[in-house]
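Just below is one structure, and these are the notes that go with it.
Please treat every number below as a calculation from the coordinates, not as lab data. Every value quoted in this text rests on a predicted model; they were computed, and no experiment measured them. Glycine also receives a Cβ, built like all others from the backbone with ideal geometry; neighbour counts cover every protein chain displayed.
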Amino acid sequence: MNDLDILKASLKGETLEKAIIKYNAGTPAAYILGKWEFMGDTYEITRDVLIPRLDTERLVEKLVAILPKNGSFIDIGTGSGCVSISTLKRRPDVIGFAVDVSKKALEVAIRNADSNGVADRLTFFTCDVLKFAPELGDRFDVVVSNPPYIPSLSVDRLDISVRKEPRIALDGGEDGLDFYRAIFPACNKILYPGGKYLFEIGFDQKDAIEALARKYGAGSEFYKDYSGNWRVALLIPDLKQ
Ligand SMILES: C[S@@+](CC[C@H](N)C(=O)[O-])C[C@H]1O[C@@H](n2cnc3c(N)ncnc32)[C@H](O)[C@@H]1O
């Protein structure tokens, strides 16, 4: 089903007519409905959060697969909470920490954790990761992030419906790589020895992320999305602590 079909299946009569007018003016269906599906689960979606993308399911699948038994992760830039929450639903043995610079996004994520039944295993913190790495007095097995990764100038050329999403969820700085540089390896001190970074990356960012890993002597592996693009990076730092 495309987004218009989803609107038609969810709304009726005058409400649907008004919704179609908004949709045709560029408002994403998820913002009109106030909810969206990700990995078969329903998430509350407001204009303060990025709309969960199908591609991000690859990140979750990989996270679910690499977390050790009774392990833990920290999700940087959690937005709606979709990465953390869908992982916790599939791994009842693990716990998660979720951070975002946006307090309003965190409010949405907290409600989503509650409605999806994982609130008891997910802790939320406000943190600007461009200024400092989260300091929680805790360590994690995986730092996971789907950060903003679109180059600043490209954000202005995105489709009008994507530009309705929060700019802070999209804009990754001049070359789109600001967040990877900030998070890696600054978060090494909150990883257990043997810990890993798992990033969603832009379709053309594999070489740059590989070079970032090499610069710090880290190993890297990449995984493709459903369209055959390299969209998930696993970085394994050399943590001799
Ligand atoms: C691409 S969105 C990802 C949202 C969600 N994880 C997902 O996959 O749908 C990036 C998220 O990073 C957050 N963010 C932006 N700048 C940040 C910063 N300086 N520190 C922490 N989080 C930030 C945004 O608010 C947004 O929620």
(request) Would you kindly compute the Cα radius of gyration of the chain and its largest Cα-Cα separation (Dmax), both in Å? (result) 17.8, 63
(message) With n ≥ 4 as the cut-off for DSSP H runs, can you work out [θ] at 222 nm for the chain, using -39500 (n - 2.57) per run divided by the number of residues, rounded to the nearest 500?
(response) -9000 deg cm²/dmol
(request) May I ask for the angle, rounded to the nearest 10°, between helix 103-115 and the longest principal axis of the chain, with both axes built from Cα atoms and the value confined to 0 to 90°? (result) 80
(request) With the Cα gyration tensor of the range 3-91 in hand, give its eigenvalues times 5 under a square root as the equivalent ellipsoid semi-axes, listed largest first in whole angstrom. (result) 31, 12, 10
(request) Report the calculated FRET efficiency for Ile21 and Ala65 (r = Cβ-Cβ distance, R0 = 51 Å), to the nearest 0.05. (result) 0.75
(request) Counting only DSSP beta bridges with both residues in the range 48-236, tell me the antiparallel percent, nearest 5. (result) 35
(message) Over 5 Å intervals from 0, what percent of Cα-Cα pairs in the range 67-122 sits in each interval?
(response) 5, 23, 35, 22, 11, 3, 0
(message) For the chain, take the longest principal axis of its alpha carbons; what is the angle in degrees between that and the long axis of helix 56-66, to the nearest 10 within 0 to 90?
(response) 30
(message) As I understand it, the value is the acute angle between the Cα axis of helix 13-24 and the longest principal axis of the Cα atoms of the chain; what does it come to in degrees, rounded to 10?
(response) 50
(message) Working only with C-alpha atoms, what are the Rg and Dmax values of the range 104-162, expressed in angstrom?
(response) 15.3, 42
(message) If the elastic network links every pair of Cα atoms under 10 Å, which of Val162, Val142, Val99 fluctuates the most in the Gaussian network model of the chain?
(response) Val162
(request) Identify which of Lys35, Lys104, Lys69 has the largest mean-square fluctuation in a Gaussian network model of the chain, with springs joining Cα atoms closer than 10 Å. (result) Lys69
(request) Under a cut-off of 27 Å between alpha-carbon atoms, report the lysines in cross-link reach of Lys8, not counting same-chain residues fewer than 8 places apart. (result) Lys18, Lys22, Lys35, Lys164
(message) Counting pairwise Cα distances across the range 129-241, what percent come out greater than 19 angstrom?
(response) 47
(request) Lys and Arg at +1, Asp and Glu at -1: add these up for the other residues within a Cβ distance under 13 Å of Ser154 and post the number. (result) -3
(message) Give me Rg/Rg_expected for the range 171-215, where Rg uses Cα atoms only and Rg_expected = 2.2 N^0.38 Å with N residues.
(response) 1.19
(request) Sequence neighbours fewer than 8 away in the same chain don't count; with that in mind, list the aspartates and glutamates whose C-alpha is under 15 Å from Lys215. (result) Asp207, Asp238
(request) Can you tell me the alpha carbon radius of gyration of the range 24-150 divided by the globular rule-of-thumb value 2.2 N^0.38 Å? (result) 1.01
